[in-house]
Amino acid sequence: MKQSLLTMLWIIGLIGFALPLTAETFLVKDGQPNSRIVIGENPGRAAKFAATELQTHIEKMSGARLPVVARPGDEVPVNIYLGKNACANRPELSADDLKHGAFRMKSGDGWLALLGNDREFTPKEPWPRKRGDKTRVEQEWDKITGDTFAYPYWRLYGQYNETFDLWDFDDRGTINAVHEFLREQGVRWYFPGDLGTIIPAKKSIELPEVNRVVEADFPMRGMYFFNANTYPEVFLYQTRLGFNYPRDLLGMAQVCHGTKFVTMRDEMKKAHPEIFRQTATGRATDHKKGQGSPCISSPLFYQKHRAFAHAMFDYFQSPMLSIDVNDGFDTCQCDLCAGTTKPERGIDGYLSDHVWGYINRLARDLYQTHPEHKVSGLSYGRYRNLPEGIEKLSPNLTLVYCQHRNVFGDPEIRKKFVDRRNAWQEILTSKSFYTFDFHLLNKPESAWAGVPAYFPRQIAEDLRSLKGKSLGDFISVGYPAHPDRFPWDALAVDHLNNYVTSRCYWDAELNYDTLLNEYCRDLYGPAAEAMKTYIEYCSENWRNMLSQAEPITQSQQLLQKARQTAGDSIYGQRIDKVSTYTARLEEIRSRLTRDRENIPATRALPRMPADLTIDGKLDDVFWKQTRQPRLRNAQTGKKPRVGTRFNIAWAKDGALCLGIRCDEPDMANLAICTTENNDAVIRDGDFVDILIETQVHSWYQITINPSGAITDLSRGPGKTKNHQWNSNAEMVVHRGEDHWTAEIRLPNGGPMAAEVDPDVGIAGRLPSGANPWYINVCRQRIRGKEVELSAWSPTGTEKFSVPEKFGEIYIKPIR
């Protein structure tokens, strides 16, 4: 009897296992709709967008188009509730406590609920409806402030996407819930467009058993795509990756360089030039395309900055406000700022005490009047290092720490960034900490454009280490303003960095190797292993591809092998995008294999910047005992008829300095064709050229004429002939009785300057014997029909721009 009962139970078990699932357990059954999408009577923007996303993707997966309705019904077995309105009568499905894009997923008998808080943004007046609305808004803002500050939300008209009816500041919990459900079905969005989207074919889609709340590990999950945030395909890409801008924490104004809102307006410049930084050529009112650069020792500037902050807190109720200095901020030469710089602290710290002293003083002042509001400062550029005179920062001060995960593959560099980051957190009383990172190597104007700069493992490792310590990231992503004008896709390589970042924002503990294997399998099919090998090789070697030919050769061979494996398929098309993007590597390899024999070399001796006054006279102690190379005839190499020589030195605050003396027996007839900066006709008369190729950029051209006019260009492969660039140079020309001289200071912005902030100076590592810069100093002198061309390193032609003939400069020789 016992045996018969066991046999019967075994048979029943088999039958039960073999029975098909009931209709109520499917959203789609055999390609037919088995559910409807319910969004409520008055759905919010997020719910409507989420419904379209769910409907579209399920139809592409299964062929079934689910109806979108206001109310549930019994025409189909399953109702899918999206958003708070659809779940209004279900208290167990509340989303009121969810923040920063968090969401709830819950199912029951015949229903599935996907929802978040979905707080909607409503702009406060005044705000601009279009670009041309600036004057009206500024006039209204002036009435509120009683001054002429720049309106802080001047890009607001571009932060609403009309195509999808969403603001950048709308909470997107329900959208995130839908995308998580789709990810569980195997959908992936690796890069914009159909080619980067994975949608598996499924004739039946089950109703999941689920009951969970999902919160990201970082509330701030921000990627700003230069020039392209409003492009439909980029907007969809960002939204599907689950990014979030927490306006309840940050407000809406730019999170860095906040002083510019005090200095940008022409009215402020005309009324109070004394609040601007003093440079060798005057007050810095036109700094950074008209943003201006303040003198932070000025009592009047402090008063105005404080008044601007009060207006932001009192009128707009901004929860946080950036109070750090304008981009490209540098030394002020006014009497009030005398002694505020510390050159001995190097390029990362010579302004730290000055800038952070100002930020912390203003922060403490605002803490007394508005303790519930936060202010932020940026660890960046010349004030990246900690100040020496501050033990603890003001309790209301948030730190935004700039770093570069793309170089974290070098253990020493990563340690330097992380140690400094940890030290900042030690003095940060508020514990309100964010990082600012840069995915800009793919910008068309970047020297790194075309280099396969993969760094996803470094991203995953760093975000894991920041969990619980950071509130998240701001990331600037390179994207061309007009992608159709370029033969390659800016995200062909960088999309993997973005994708890994987005997944780690939600789960910093995820297994990176599992994620990479899935990515390679999904996108590259039969070439998965070959592409994984390529990606891992490039991750380890891309940083050497601007200085060594071998890693270029190896990477291209690995990519070709993967392409052959993929065959004529969609997988091959995806690899073709990478191949097209990296085609420029051949140009780089050609440059690296140039014949540079028989070129001159000289050392730029280190000097104290305090010993230099830029006045064009070359009589400072700064220039004593520096090297003085002379120019020769550019074509023959012989002594020129009229002589030219130059001093060269390296300022310890991080700048290449040159003092150029042009002998001139006929000063009365100088050939001066312009007195305006950035005027192309400068080359029709007398001028000197400074041509510079660094380890990461080929090449720059700075042209100066006897009137003091200057033109700076970024040249070389991938550039247009006249790619305008701002060297941020300080330069003065002096004319004597029998000569004219040019004294110029060219700041070094570091190896990532061309991507992060091109106008901060020359992009490059410090020039050394092992990794020098290559330069040429040239002169054109015209008298009547006679043209004399001279150069430090003769080119053998009538051209100065012959990079293989540039001479070598270094600070420290090889020892």
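The values are calculated or read from the model by the stated rules, or taken from the named source; none is laboratory data. Please read these numbers as outputs of a predicted model, since none were measured by experiment. A quick note on method: Cβ atoms are made from the backbone with ideal geometry, for glycine too, and the neighbour counts reach across all protein chains shown. Calculation scope for accessible area: heavy atoms of the full protein, side chains included, ligands and nucleic acids excluded. Shrake-Rupley method; radii C 1.70, N 1.55, O 1.52, S 1.80 Å.
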Considering only residues that are polar (S, T, N, Q) and touching a helix residue (DSSP H, G or I) at 6+ places or on another chain (Cβ under 8 Å), look in segment 292-343 and name the one that is nearest to K269 (Cα to Cα).
-> S293
Candidate set from segment 597-644 (those that are among the hydroxyl-bearing types (S, T, Y) and within 25 Å of V732 (Cα to Cα)); member that is modelled with the lowest pLDDT = T626
Among the candidates A284, A271, single out the residue that is open to solvent by less than 50 Å² (accessible area, probe 1.4 Å) and farther than 23 Å from A363 by Cα.
-> A284
Look through segment 237-290, keep the residues that are in a strand (DSSP E or B) and polar (S, T, N, Q), and return whichever of them is nearest to T197 (Cα to Cα).
-> N244
Picking from G63, G83, the residue that is buried (at least 16 other Cβ atoms within 10 Å of the Cβ) and farther than 25 Å from A311 by Cβ would be G83
Taking segment 784-815 and the residues there that are within 17 Å of A671 (Cβ to Cβ) and open to solvent by less than 40 Å² (accessible area, probe 1.4 Å), the one that is farthest from the chain's Cα centre (by Cα) would be E788
Does D522 count as assigned to a helix (DSSP H, G or I) and charged (D, E, K, R)?
-> yes
Filtering segment 66-80 down to residues that are buried (at least 19 other Cβ atoms within 10 Å of the Cβ) and not hydrophobic (A, V, I, L, M, F, W, C), which residue is farthest from I199 (Cα to Cα)?
-> P77
Which of the residues that make up segment 715-744 are more than 29 Å from the chain's Cα centre (by Cα), of a type in the set (D, E, K, R) and either open to solvent by 20 Å² or more (accessible area, probe 1.4 Å) or modelled with pLDDT under 95 (or both)?
-> R735, E737, D738
Within segment 386-414, how many residues are open to solvent by 30 Å² or more (accessible area, probe 1.4 Å) and under 30 Å from L440 (Cα atoms)?
-> 6
Taking A460, is it touching a residue at least 60 places away in the same chain (Cβ under 8 Å) and surrounded by 21 or more Cβ atoms within 10 Å (Cβ to Cβ)?
-> no
Within the set of pairs 6 or more residues apart or between chains, which connect a residue that is on the phi > 0 side of the Ramachandran plot inside segment 326-340 to a residue that is open to solvent by 10 Å² or more (accessible area, probe 1.4 Å) with Cβ atoms less than 7 Å apart?
-> G328/H287; G328/K288; G328/N728; G328/D759; G328/V760
Of all residues in segment 632-643, which are touching a residue at least 12 places away in the same chain (Cβ under 8 Å) and surrounded by fewer than 24 Cβ atoms within 10 Å (Cβ to Cβ)?
-> R632, N633, Q635, T636, G637, P640, R641, V642, G643
Among residues of segment 684-714 being open to solvent by less than 10 Å² (accessible area, probe 1.4 Å), outside any strand (DSSP E or B) and at pLDDT 95 or above, the residue nearest to G282 (Cα to Cα) is A709
Can you name the condition, by its number, that K134 falls short on among (1) part of a loop (DSSP other than H, G, I, E, B); (2) under 32 Å from the mean Cα position of the chain (by Cα); (3) not aliphatic (A, V, I, L, M)?
-> (1)
Selection over segment 181-219 where residues are in a helix (DSSP H, G or I) and either at positive phi or open to solvent by 30 Å² or more (accessible area, probe 1.4 Å) (or both) yields a count of 4
Residues of segment 333-370 that turn out to be in contact with a Pro (Cβ under 8 Å, 6 or more places away or on another chain), part of a loop (DSSP other than H, G, I, E, B) and open to solvent by 20 Å² or more (accessible area, probe 1.4 Å), as a count = 1
Checked E180, E184, E162 against criteria (of a type in the set (D, E, K, R) and under 24 Å from K134 (Cβ atoms)); the one match is E162
Of all residues in segment 371-385, count the ones that are open to solvent by less than 20 Å² (accessible area, probe 1.4 Å) and either aromatic (F, W, Y) or within 16 Å of F308 (Cβ to Cβ) (or both).
-> 5
Test for P747: is it under 19 Å from R765 (Cβ atoms), open to solvent by less than 10 Å² (accessible area, probe 1.4 Å) and either of a type outside the set (A, V, I, L, M, F, W, C) or at pLDDT 90 or above (or both) = yes
Determine which member of the set R563, R584, R591 is open to solvent by 30 Å² or more (accessible area, probe 1.4 Å), in contact (Cβ under 8 Å) with a residue 40 or more places away in the chain and assigned to a helix (DSSP H, G or I).
-> R584
Out of all the residues in segment 464-493, which are part of a helix (DSSP H, G or I), at pLDDT 95 or above and open to solvent by 10 Å² or more (accessible area, probe 1.4 Å)?
-> R464, S465
